[in-house]
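The values are calculated or read from the model by the stated rules, or taken from the named source; none is laboratory data. The structure presented is a predicted model; accordingly, all values stated were derived computationally and were not measured. Heads up, the Cβs are rebuilt from the backbone with ideal geometry, glycines too, and the neighbour counts pull from every protein chain shown.
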């Protein structure tokens, strides 16, 4: 299930916005399979969160490095491990 957070905007009701972790997880074609960082960038490009963050590629790298849901397999290659979420 995708994680979300509430975000307040001036003059608007509260919107539910997906977390960067859920955006990155959704970019993986298949869980537990290696995926290149280049493919992840291509799959996230155009997402509404990228339109408000000019440094979205750096944000993706940060999420990959900090979240236990993602494992680095080699330089520029990552794996989404959804089972890691259950172990937390």
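As an exercise: evaluate residue 39 against (1) over 17 Å from residue 17 (Cβ atoms); (2) in contact with a helix residue (DSSP H, G or I) (Cβ under 7 Å, 6 or more places away or on another chain); (3) without any contact (Cβ under 8 Å) to a residue 24 or more places away in the chain; (4) surrounded by 13 or more Cβ atoms within 10 Å (Cβ to Cβ) and give the number of the one condition it does not meet.
Answer for residue 39: the failing condition is (2).
With respect to residue 69, determine if the residue is modelled with pLDDT of 95 or more and crowded, with 17+ Cβ neighbours inside 10 Å.
Considered against the rule, which asks whether it is modelled with pLDDT of 95 or more and crowded, with 17+ Cβ neighbours inside 10 Å, residue 69 comes out as yes.
Kindly evaluate residue 80 against the criterion of being touching a strand residue (DSSP E or B) at 6+ places or on another chain (Cβ under 7 Å) and closer than 16 Å to residue 22 by Cα.
Here the answer is yes, as residue 80 does meet what is asked.
Out of everything in segment 1-39 that is part of a strand (DSSP E or B) and at pLDDT below 95, what residue ends up being farthest from residue 76 (Cα to Cα)?
Taking segment 1-39 first, the residues part of a strand (DSSP E or B) are 4-7, 15-18, 34-36.
When the remaining residues are screened for being at pLDDT below 95, the result is 4-7, 15-18.
Details: 4: 26, 5: 28, 6: 31, 7: 31, 15: 33, 16: 31, 17: 27, 18: 24 Å.
Out of the qualifying residues, it is 15.
Being loosely packed, with under 13 Cβ neighbours inside 10 Å and assigned to a helix (DSSP H, G or I) is the filter here; which residues of segment 42-59 pass it?
42, 48, 51, 52, 58
Filter segment 65-81 down to residues that are in contact (Cβ under 8 Å) with a residue 24 or more places away in the chain and closer than 14 Å to residue 31 by Cβ and give me whichever is farthest from the chain's Cα centre (by Cα).
Only one residue fits best here, namely 73.
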